[in-house]
Amino acid sequence: MTRMILYSGPLSMFGAKAQIAALEKGLPVEVVMVPFTAEHRYEPKHPDVLRVNPKRQVPVLLAGSVEIFDSTQIFEYFEHLRPQPALWPSAPEARAAARLRELWSDEVFFPPVIRLMSLQDRLGEAPARQAVEEIGLRYAELESTLTGQAHLAGEYTYADIAFFMAQLFAARMRAPMTAATPRLLDWRERVATRPAVSAVLRQFKETLGRMGLGIPDFIARA
Ligand SMILES: N[C@@H](CCC(=O)N[C@@H](CS)C(=O)NCC(=O)O)C(=O)O
């Protein structure tokens with residue numbers, strides 16, 4: 001099989017999505033962590049990241065003549081490359097719903113988490129409280145989708161991987177899911193104990209510990 005290199009970052013949620021997917025698929029992907037520090041963030045950028053991604057971001061995947069970026073694009077490539085175990089449902093309606101949930105996670109749930117990242121020293125102020133409230137509404141929305149199904153789109157899919165990583169960052173930014181959404185807490189436990197996910201959680205635990213950053217309880221248990 002063609003050598004595959006995944007550029008990610010030690011605390012990159014989008015990189016972790018791709019890494020979990022590779023592990024779920026049993027794909028032999030070499031993970032290269034680009035430089036990342038609290039002080040300089042993602043600078044200097046890795047030359048391969050700059051060459052492949054005009055957005056200058058990880059994750060980037062190199063697989064022979066395939067050189068792609070964006071976690072969702074990488075999901076799609078993995079799914080074609082190794083269809084089993086399937087991480088999208090096969091029925092068109094269910095697949096469309098799962099894809100939408102994956103997009104929802106990155107582009108609807110995550111934006112208030114990004115806002116909260118820059119408000120960590122002002123958590124008592126209105127903009128931070130609004131972001132936390134918005135995140136809480138999204139958790140409540142998902143709680144109802146988990147009635148009668150174990151995962152966000154029925155079976156375990158890329159949507160679960162995406163939302164698991166997004167909620168991990170929300171928890172780090174002090175907007176964790178709570179006892180108000182018990183089905184979601186059970187879902188988090190189910191996903192966290194999957195071997196592919198717990199391997200990446202242990203990596204996060206090690207990095208957060210090394211950088212002296214807070215470790216949410218569900219990561220500490222990994
Ligand atoms: N939509 C992209 C988002 C990628 C992204 O935001 N990557 C972050 C790390 S998690 C990054 O490289 N940030 C550095 C920068 O923007 O300079 C994806 O799904 O891959």
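The values are calculated or read from the model by the stated rules, or taken from the named source; none is laboratory data. These numbers come from a predicted model, not from an experiment. Cβ sites come from the backbone with ideal geometry, for glycine too, and all protein chains shown count toward neighbours. Only protein heavy atoms, including side chains, enter the accessible area calculation; ligands, DNA and RNA are left aside. Shrake-Rupley method; radii C 1.70, N 1.55, O 1.52, S 1.80 Å.
Dipole size of region 92-220 about its Cα centre, with +1 on Lys/Arg Cβ and -1 on Asp/Glu Cβ: approximately 320 debye, rounded to the nearest 20.
Accessible area per residue (1.4 Å probe, heavy atoms of protein chains only) ranks W104, W187 as W104, W187, with the largest value leading. In straight-distance terms, cross-link reach from K205 covers every one of the lysines whose alpha-carbon lies under 22 Å from its own, apart from those fewer than eight places away in the same chain; here that gives K17. Here the chain yields Rg over Rh of 0.95, to two decimals, using C-alpha coordinates and the Kirkwood radius.
Taking every alpha-carbon pair under 8 Å whose residues sit at least 6 apart, region 92-220 reaches a relative contact order of 25 percent.
Taking I74, I114, I135 in turn, the Gaussian network model of the chain (Cα-Cα springs below 10 Å) assigns the largest fluctuation to I114.
Here the Karplus relation 6.51 cos²θ - 1.76 cosθ + 1.60, evaluated at θ = phi - 60°, turns the backbone of region 130-137 into coupling constants of 5, 4, 4, 5, 4, 4, x, 5 Hz, with x for every Gly and Pro. Annotation for region 20-71: trypsin sites (Lys or Arg not before Pro) lying in DSSP loop with at most 16 further Cβ atoms inside 10 Å of their Cβ are K45, K55, R56.
Among I219, I5, the sequence by solvent-accessible area, most first, with a 1.4 Å probe is I5, I219. Computed over protein heavy atoms with a 1.4 Å probe, the accessible surface of the chain works out to 48 Å² per residue. Gyration tensor analysis over the Cα atoms of region 92-220 returns equivalent ellipsoid semi-axes of 24, 19, 13 Å (largest first, whole Å). Across the accessible surface of the chain, with the other protein chains kept in place and a 1.4 Å probe, carbon and sulfur atoms take up 56 percent.
For q values of 0.13, 0.19, 0.27 Å⁻¹, compute log₁₀ I(q)/I(0) with the Debye formula on a Cα-only model of region 4-81, without solvent. Here log10 of I(q) over I(0) equals -0.34, -0.71, -1.38. Rounded to the nearest 20, the Cβ-based charge dipole of the chain about its Cα centre (Lys and Arg +1, Asp and Glu -1) stands at 380 debye. Ranking of S65, S198 by solvent-accessible surface, largest first: S65, S198 (1.4 Å probe, protein heavy atoms only, all chains present). Free of any GluC sites (Glu not before Pro) that DSSP assigns to a loop and that have at most 12 other C-beta atoms within 10 Å, the longest stretch within the chain is 126-222.
Taking a straight line from the alpha carbon of K45, these aspartates and glutamates sit under 18 Å away, with near neighbours fewer than eight places off in the same chain left out: E67, D70.
With the helix formula -39500 (n - 2.57) applied to DSSP H stretches of n ≥ 4, the chain reaches a computed 222 nm mean residue ellipticity of -16000 deg cm²/dmol.
The loop-placed chymotrypsin sites (Phe, Trp or Tyr not before Pro) in region 1-54, going by DSSP, that have at most 16 neighbouring Cβ atoms within 10 Å of their Cβ come out as Y42. In straight-distance terms, cross-link reach from K25 covers every one of the aspartates and glutamates whose alpha-carbon lies under 17 Å from its own, apart from those fewer than eight places away in the same chain; here that gives E76, E79, E155, D160. Using the charge dipole of the chain (Lys, Arg: +1 at Cβ; Asp, Glu: -1 at Cβ; taken about the Cα centre), state which of W187, T37, L50 has its Cα farthest towards the positive end. The listed residue farthest towards the positive side: T37.
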